[in-house]
Structures are given as structure tokens and as C-alpha cells.
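Working notes for the structure below.
The values are calculated or read from the model by the stated rules, or taken from the named source; none is laboratory data. Here the structure is a predicted model, which is why all the values come from computation and not from measurement. For neighbour counting, all protein chains shown are included, and Cβ atoms are generated from backbone atoms with ideal geometry for every residue, glycine included. We work out accessible area using only protein heavy atoms, side chains counted, and drop any ligands, DNA or RNA first. Shrake-Rupley method; radii C 1.70, N 1.55, O 1.52, S 1.80 Å.
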Amino acid sequence: NNNAYVSAYYNENVSFAHEVLAVGGTFDRLHAGHRLLLSAAAVTCTSKVLMGIATDELLANKTNGDLIARYDERVNDARSYLQSVNPKLEVVVGPLSDPKEPPAAATDASCTGLVVSAETLDGGHAVQRMRREILGDGVQPLDLIVVG
């Protein structure tokens, strides 16, 4: 399983049962890739998902940015889908407004996993670096759970 292998690269004792797990993205008009990412988060998390969603301001200069659903709609759709897969989860949504600003996965020591796609794996590496810089070298590295 390539997904387990990629996660194992960061931590040989990979767990697919994380009490606190993070996932992030734009989540515009939930398509199969979004549903796969959110489903992976829902089935590998046992308690709380930290979900970062790109703000309207961050996406303002994106090509066809005016066609992207508003932040509140994207938050509602992503949260609803995640909770339809696992209704027991607490979902904490935070805005992603600046790529240089650390997301919750980098600042919350209780977070032990990050769900990414193959396309966003580089972003997962960046979150790992931010996490070490903010929480120190002794912090547990995140299991990067790669889907897709």
C-alpha cells in the first residue's frame, strides 16, 4: 500500500487511528478528490479534526477566483461531508489566509497526523518544517497520510 509506505517514511510506527488529525484545502464544490481526502481524515481520526480552509482573500487572485464558492459555503460543505462519514468527530475549522502562516497542524502538539494528496505532499513537508521550528526538535513528527 503506497499510502502506508509514504506515512511510514516519516514514522515507522504509523498509526491510522489519530485522536487529533489535520486536513486542509480549498474544498470548492466537493469533487471525488475532496471526498477521498475528507473520508480519509474521517476514518483515521478518533476524536478531533483540525480542518483548514483557504479564505476568499487568499483565493482572490487565483485564476477564475470569482467562480470559487464563498468561504462560508465551502466550510459548511466540507464540515457536513466529514461529519456524514463520521458523526462522532469534533470538527474545528480554521481559516488558511497566508501560506507563510502556520496552520493548526504546525502549532498544535496534540495533532499527530496530516492527510494530504500526492499533489499537496510538498505542503505536508512544509508543515513538518514549521512544526519543528515552532514546537521544537523533540516534537512528534506528523504521520503524513497520502491519498489519491
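Below is a table of values for the structure above.
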read-out	value
The range 107-128 residues that are open to solvent by less than 40 Å² (accessible area, probe 1.4 Å), paired with ones that are acidic (Asp, Glu) (beta carbon under 8 Å, 6 or more apart)	112/19; 112/143; 113/143; 114/143
Residues of the range 133-148 classified as open to solvent by 60 Å² or more (accessible area, probe 1.4 Å), touching a helix residue (DSSP H, G or I) at 6+ places or on another chain (Cβ under 9 Å) and among the charged types (D, E, K, R), total	1
Test result for residue 49, among the aliphatic types (A, V, I, L, M), in a strand (DSSP E or B) and open to solvent by less than 60 Å² (accessible area, probe 1.4 Å)	yes
Criterion violated by residue 37 - all others in (1) under 17 Å from residue 146 (Cα atoms); (2) of a type outside the set (Gly, Ala, Ser); (3) in a loop (DSSP other than H, G, I, E, B) satisfied	(3)
Residue satisfying all of: in the range 75-89; farther than 17 Å from residue 47 by Cβ and not hydroxyl-bearing (Ser, Thr, Tyr); nearest to the chain's Cα centre (by Cα) among these	78
